[in-house]
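The values are calculated or read from the model by the stated rules, or taken from the named source; none is laboratory data. Worth saying up front: this structure is predicted, and the values here are computed from it rather than measured. Reconstructed Cβ throughout: ideal geometry from the backbone, glycine too, with neighbour counts over all protein chains shown. To get the accessible areas, we keep the full protein, side chains included, count just its heavy atoms, and leave off ligands, DNA and RNA. Shrake-Rupley method; radii C 1.70, N 1.55, O 1.52, S 1.80 Å.
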Amino acid sequence: MKHEHQHGADTTLPRDTSTPQGSNVAAVADAQERVDLPLTGMSCASCANTIEKALGKAPGVSKASVNFATKTATVRYNAAATSPAKLVGVVKGTGYDAMIPKSASETHAGHGHSMPGMTAAEHAAMPAGHAMPKDEDHSAHMHVNADEQAVLLRKVIIGAVLSVPVLVIAMSHGKIAILNQPWINWLQLALTTPVVVWCGSQFYRMAWMGLKHLRANMDSLVALGTGTAFLYSIAATVWPGFFAAAQGGAAAHTGSGMTMVPVYYEAAAVIIVLVLLGKLFEARATGNTSAAIHRLIGLQAKTARVVRAGQEQDIPVEQVVVGDTVIVRPGEKIPVDGKVESGDSAIDESMLTGESVPVEKKAGDAIFGATINTTGALTFHATKVGKDTALQQIVRLVQEAQGSKAPIARMADTISGYFTPVVLGIALTTFVVWYFISPVDTRLSMALLTFVSVLIIACPCALGLATPTAIMVGTGRGAEHGILIKGGQALETAHKLTAIILDKTGTITQGKPALTDVRTLAGTVEADLVRLVASAERRSEHPLAAAIVEGAMSRGLTLAEPTAFKAVIGNGIEATVEGRAVLVGKRALLADRRIDTTALDSFAEELATEGKTPMYAAIDGKPAGLIAVADRVKPESKEAIDQMQKMGLRVAMITGDNARTAAAVAKEVGIGRDMVYAEVLPGNKADHVKKLQAQGLVVGMVGDGINDAPALAQADIGLAMGTGTDVAIEASDITLIRGDLRSVPEAIALSRDTMRTIRQNLFWAFIYNAMGIPIAAGVLYPFTGWLLSPIIASAAMAFSSISVVLNSLRLARRRVGAFR
C-alpha cells in the first residue's frame, strides 16, 4: 500500500508534547500548500471530472481532487509556482467558477505575519488594535451552499406558480371550453418564457459554456431536452398551419376556425421546476452530510480570558498567541490548547474522544481547545493556537478525508465522463427511429417526447453523489467517535482487512507498570509491607519503583522518608525506614544477604507465569513477602479482541517483551499462542507484517510508539492510538484518539458500513439509468402502450439523486458504540 504524507495534512493529535512552535523542519523544506476552493456551476460528476483534470494539469499542482457532493476542489500546489488566484483562473477557463477562501487570500497577500508561531512577546510588539487574520476559513463552502439554496428556493417557487396553470391547460386536452381558445397557446408561451429564460437560465448558460469547450454534461441534457420542447412549441404557436400539415391533420380546430397543434410548454416548464426542486433537496441533503464538520467548527470558543500586563482581559480567540496565560472558570470552554499551570478540575473531552466521562486535570497536564471545564478554575499557558490546535487539526483531517476519493469512485467517475455523449447519441437515435416508425399524424410528437424523456431521465447526478456523500458521512461519523480516517482509500481498504496485529505495550496494555499483587508471609500485615517498601523506593529512579510508590499512594498510605538509601545496581535497593532495615529486589539480592526465600519462591514463580515482575522484600533481615508489578492489560482490550475475532479477523500480538510475559498477556485477552510474536526487535516488526501479507492476508497494524512506525507504514492499514507518538500517527492511515482498543473493530465496522452504502448507491444509480433509459426511449410501448412522460422522467431523475444522498445519511443515525 502506498502512503502519501504531504505537508498540509498535519495529523498531530491531543498529546503533551514539548516540540516548539515552528520547529518542523520538514514543513519548511516542503513548499507544498493546500487550498480548498468552493466551486459554482457544477451540475454532475462529469463537471467535477472536467475541473479536476484541468487543475491536475495546471503548472505547480501536484494533486487535485474535486468533490461533487461538497462542490469543493482540494488542490495541493507549489506556492512558488502558482497561487489560489491562478487556480481560480484555471477553473474559470473550464467554464465554471470558484472563489478563494479568506485564509488563502490572506496567506498570499504578503502581510508577513506568521501567526501560529508568534509568541506573547512578539504579540505585545504589534501595533495596538492590529487585527489578526484567522488561520483557517472552513465556512466558505457552507456560505456557497446556503446562497445556492436561497436562489434555488426562489426559482422553484416562482417557477411552480407559473408552471401550474400551464400544466392544467395541458392536462385538459382541449376538453374545457374556456381553455379551448385560439389565444391559449400564447398564454402558455407567456407563462413558460420566464420559467425557461430566468429559472432555467443556469442550464442553458452552462450548456453553452460546455459547447464552447466541446464538453457535454447534465446541463447539456436538460438544456437540449427542455429547449427543444420550448422552441418547438413556440414554432407551433406562431406557425400552426405548417405544423398541422406536417402532422397530417392531427391538429385541432377551434370554434373560430383557427388551427391549434399540440405544444409542449408544460414539459419545458415543469421539467425545469422539477430539476430545480431536485437540486434544492440535493443541496439541503448534501449540506447535512457535512454536519460533522459544522458541529466541530461550532465547538470552538469565541473568546478567551488572558492575562496581559498583569490585567485580565477578554479577547477574541483568534488573538490568543503561544505563551499567553489563560484563565478558564467552571463551565467555560477552553479556548486553545495548553498546559495547566495551576488549579484542579475535570475536563469534558467528549468532543475529542467521544467519551462522556470527564478527565481529571492538574498542574502539568495538557488540555485542549473546545473541551469544557466542568468543576474547578484553571490557569494555563497556551501552547497551540489557531490552526495548530487539536480541534482545527481534526477539522482539517476530516475535511481532507471527505474531499478524497476511494478507489471505487474511479469507476463512477470514468462512466460519468463518457455518459453524457452516449446519452445524446441514444436520444438522437430514439428521435430518428420514432419519427420514421410512428404513424404520420403522431410521428413528430412521439419522436419529440421520447427524445426529451431520454435526455432528462439519463442525468448522471446520482452517479456523482454515490461515493462522496457516503465517504463524507462515514468519515464525519467516525470523527465524532474519535476515529480519524485520513482518506477514502483508507476507508475502503479497512473493510477488506483479514488480520490485525496488535502491539502489546500501550495498545493492549496501559503502557506503564503498576502495582498488581502483594503476597505476605505469616506475621506481616500487607498494608505495613507496602508502606515500608514504597517508602524505601521513594528515592529510586527505577520505573518499577515509581509504580510501587504510586500504588501505595492510591491505597491511601502515608509514606515515610527513607535514610541510608542505597541502590544495588541490577538487583534492587536497601534503605532504613523508621528504624527498620528494608531490602527490596531480586531473589539474588536476598540470597546474597543469606536470607532464606524458600517460602516465597513458589509465589514468585506463579506471578512470573502470569507475566508479572515479582520483587522480594525483607524486613530486618527476615523474608516478609513479595511485591509484583506489571504493565496491566487495559480493561477494554479483551472485549475489543473478542469483537475482532467475531468479525472474522485473525488477531495477533507483537512485542519486544519476553515470551513468558507475552504468553500471559495473550492468554488473558484471548489471543492464541500461534499468533503471539515475542522478543521482536523494533526493526523487525514490519517483517512480521510482510509475512502475513505473503500468506494473502490483508493486514492491519495497531501501535502507538516510534518503533511501531515502520510496521504501521508496511501494513495495508495502519491504526495509531491517539495517545501515542507523532511519528506513529503520521505513519498510520487511521488515528484512534481515545486510545481505546475497542475503536479498532468500530473503525473496521464503520468502513464496512460505508462501503456497503457506497455499493448500494452505485447499484441503484446504475440500475436506475439502465432501466430508465430504455423505458424513456419507448421500448415497452409496442407491447404495453407505456410511454414515459418527460415530466415523470424529470421527477424520477430528481428522486434518484435524493435517494442516494438519503441512503448515505443513514450512516449518521448510527448510535454511539453501534460500530463495535
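For Lys634, the lysines whose Cα comes closer than 25 Å to its Cα, not counting residues fewer than 8 places off in the same chain, are Lys361, Lys362, Lys504, Lys512, Lys612, Lys646, Lys667, Lys685. Between Ala80 and Glu360, the FRET efficiency estimated from the beta carbon spacing at R0 = 51 angstrom works out to 0.60.
Which order do the peptides 310-318, 364-372, 635-643, 503-511 come out in when sorted by mean C-beta neighbours inside 10 angstrom, highest first?
Working: 310-318: 12.4, 364-372: 21.0, 635-643: 18.1, 503-511: 23.4.
Highest mean packing first, the order is 503-511, 364-372, 635-643, 310-318.
What does the charge add up to near Met206, with Lys and Arg as +1, Asp and Glu as -1, over the other residues with Cβ less than 12 Å from its Cβ? Cβ neighbours under 12 Å give a net charge of +1. Protection proxy ranking, highest mean first, for peptides 554-560, 429-435: 429-435, 554-560, where packing is the per-residue count of other beta-carbon atoms within 10 Å, averaged. Restricting the GluC sites (Glu not before Pro) of segment 466-550 to loop positions (DSSP other than H, G, I, E, B) with no more than 10 neighbouring Cβ atoms within 10 Å leaves Glu541. In this calculation the C-beta distance from Ile792 to Gln693 is compared with R0 = 56 Å, giving a FRET efficiency of 0.60. In this calculation the C-beta distance from Asp528 to Thr325 is compared with R0 = 41 Å, giving a FRET efficiency of 0.35. Full extension of the segment from Asp596 to Thr374, taken as 0.36 nm per residue of separation minus the current Cα-Cα distance, would add 74.5 nm. Taking a point 7 Å out from the Cα of Arg154 in the direction of its Cβ, the residues of segment 190-215 whose backbone N falls within less than 20 Å of it are 192-206.
Applying 0.36 nm per residue to the separation of Asp642 and Glu605 and subtracting their alpha-carbon distance, the gain on full extension is 10.4 nm. Solvent-accessible surface (1.4 Å probe) assigned to Tyr232 amounts to roughly 30 Å². Taking 0.36 nm per residue of sequence separation and removing the Cα-Cα distance, the Leu806/Glu312 pair yields an extension gain of 172.9 nm.
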